[in-house]
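All of the numbers you see were taken from the coordinates with simple rules; none came from a lab. Computed from a predicted structure; not experimentally measured. Using ideal geometry, Cβ is built from the backbone for each residue, glycine included, and neighbour counts are taken over all protein chains shown.
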Amino acid sequence: MPTPIAATSNLAFDERPRGAGNTGATEQIARTLRDSGIDAPTGLFDEALALAQDGHLSPAAERLRMLLCLDPADAEASLLLGKILSQRGQFQEALANLDAAVTHGAVLPPGLREDVESGLKRKIREAEEHRARVAARERGEVQTLRQEAKKLRSENAALELEVDELQRRVRTWTSATAVVAGGAAALLLGFALFGGDSAPSAGDAAADEALAAEVLTPTPVNVVDQAAPAAAAPVAAAPAAAAPAAAVEKVDLAKPAAPAAGAAKTHTVGKGDTLGKIANQYYGKSSDWPLIQKANRDQLGDGVDLKLGMKLKIPAKP
């Protein structure tokens, strides 16, 4: 039994009757037609049969439904309607009309019911196959979407790693830039405080550039190889012409004398010292700083990085 519809539902049958509410209108119509000499069931049956034979199945079915409304016990109409509905693929309703025809005394043609049942089974099977194909297609689409989502997640993770690496590099270069800027500021301050009376020499500039390159470059750099073109080996001075014995040698007080041949000194690194500045102090030429760097490889290696208090050997100039 179907569940009764609630009175408050929109589907409740709450319309007002048009008349006194009497029933049996179909029987009254049939009786009126018979009293008027109109054989409506016969006319509807013949018209439906002609339409069905011409291939107009839908209007033929409508005529037969009208006939069955006037005479529900018409077995021939139920049988013909069952055939028409079977032709239209409405096998479930066709079986119901065939059962009604048998109930009212009709004899079904041999194999008719089996054909309708076979068509119903075929239709059910086709519907199931269609549902299976749709389900398989949906599963394939879901699988494809999952693979795409997985691929997108992998790409997103790779992009996040790349962003992190770029941010790390930015932080590294920012720190390196800050260190170089601080070192440059310290050098300028040192020159202003201790060496402001004379401009930086070419050797000092070369040493400072080598130091900056070593700070900025993550991997070790052979500063001596880079500076070698700038700091060429000292060129032996041409022997001066012999002066008269009575001549007095003129001494430049602003330029310190070079150490005597074979003598070696020790220099303690102070604030603001560079190899070029020390070479200028002891040799009179900043470009002779490679001599000091070479003599102190045990402390400097291939670099030019000086530390306060470091004891440097000052070799005699060849």
Per the filter on the stretch 16-50, residues of a type in the set (A, V, I, L, M) and under 11 Å from Leu80 (Cβ atoms) are Leu44, Ala48, Leu49
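Among Leu108, Leu120, which is outside any helix (DSSP H, G or I), touching a helix residue (DSSP H, G or I) at 6+ places or on another chain (Cβ under 7 Å) and not β-branched (Val, Ile, Thr)?
Details: Leu120 fails: outside any helix (DSSP H, G or I).
Result of the check over Leu108, Leu120: Leu108.
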Among the residues of the stretch 42-65, is any touching a Pro at 6+ places or on another chain (Cβ under 6 Å), of a type in the set (A, V, I, L, M, F, W, C), buried (at least 18 other Cβ atoms within 10 Å of the Cβ) and closer than 30 Å to Ile29 by Cβ? yes
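Select from the stretch 265-298 the residues that are of a type in the set (Phe, Trp, Tyr) and either more than 18 Å from Leu187 (Cβ to Cβ) or surrounded by fewer than 22 Cβ atoms within 10 Å (Cβ to Cβ) (or both) and list them in ascending order.
Step one: list which residues in the stretch 265-298 are of a type in the set (Phe, Trp, Tyr), which gives 282-283, 289.
Passing the criteria: Tyr282, Tyr283.
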Selection from the stretch 33-53 of residues that are part of a helix (DSSP H, G or I) and among the acidic types (Asp, Glu): Asp35, Asp46, Glu47
How about the stretch 66-105: which of its residues are within 25 Å of Arg31 (Cα to Cα), without any contact (Cβ under 8 Å) to a residue 40 or more places away in the chain and in a loop (DSSP other than H, G, I, E, B)? Pro72, Ala73, Asp74, His104, Gly105
